[in-house]
Amino acid sequence: MNKADKIYLCAETEINLPIEKIWALWTTPADITQWNSPNADWHTVRVENDLRPGGKFLFAMALKDGSVNFDYTGTYDEVITHQLITHRLNDGRSTTITFTAGNPVKLTETFEADNSQPIAMQKEFCQAVLDGFKKYATEKS
C-alpha cells in the first residue's frame, strides 16, 4: 500500500488554558492515565512515555470490565515543545499532534487509520479522547 492509499483522520479541540499547562497535562504519565479514554467504560492502566525523538511510548488501555485490552505503542519521530509531536505506531501507522498557541489553544490530532477497524469508530474514539482531555484539563486548572 502506498501513501496515496492510506486514510488519514483528524480530531481536534480548543482549550482556554496556557499552552504550557496543556502540554504538561498531555505529556505527563500520571495525567495521561486520567484522561486517555473515550468514555467511562475504558481506562488507561499504565503509561510509559519517553518524550523525545527516538523515545518509546506505551499506553496500556482496557475496558474496565476486562473484556478488551490493548497496548498503544510506538516511537516518537519529532517533538517540538508546545508545538508538535509526531510518532509512528509499532504497526507502522503515523500520527501528528499539533498544539496551536493562542486563546484558545487548538489541539489537533491527525492519524493514519487502521484498515481493520471501522473508520467512523476510529474517528469517534479519537475525538472522544480529545474531548475527555479537554474536560480533564479544564477541571484540573
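Tabulated data
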{"read-out": "Residue check for N90: in contact (Cβ under 8 Å) with a residue 24 or more places away in the chain, surrounded by fewer than 17 Cβ atoms within 10 Å (Cβ to Cβ), more than 18 Å from W26 (Cβ to Cβ) and not acidic (D, E)", "value": "no"}
{"read-out": "Hits in segment 76-87 (condition: without any contact (Cβ under 8 Å) to a residue 24 or more places away in the chain, over 17 Å from F59 (Cβ atoms) and in contact with a strand residue (DSSP E or B) (Cβ under 7 Å, 6 or more places away or on another chain))", "value": "Q83, L84"}
{"read-out": "Matching residues, segment 85-141, being touching a helix residue (DSSP H, G or I) at 6+ places or on another chain (Cβ under 7 Å) and either in a strand (DSSP E or B) or of a type outside the set (A, V, I, L, M) (or both)", "value": "F99, V105, L107, E109, F111, D114, G132, F133, Y136, K140, S141"}
{"read-out": "Filter result for A30 (modelled with pLDDT of 95 or more, surrounded by fewer than 12 Cβ atoms within 10 Å (Cβ to Cβ) and part of a helix (DSSP H, G or I))", "value": "yes"}
{"read-out": "Neighbours by Cβ (under 9 Å, 6+ apart or cross-chain): first from segment 39-50, within 12 Å of F70 (Cβ to Cβ); second part of a strand (DSSP E or B) and among the basic types (K, R)", "value": "none"}
{"read-out": "Test: residue in segment 21-32 that is within 25 Å of K6 (Cα to Cα), touching a Leu at 6+ places or on another chain (Cβ under 8 Å) and not aliphatic (A, V, I, L, M)", "value": "no"}
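The values are calculated or read from the model by the stated rules, or taken from the named source; none is laboratory data. None of these values were measured; they are calculated from a predicted model. A quick note on method: Cβ atoms are made from the backbone with ideal geometry, for glycine too, and the neighbour counts reach across all protein chains shown.
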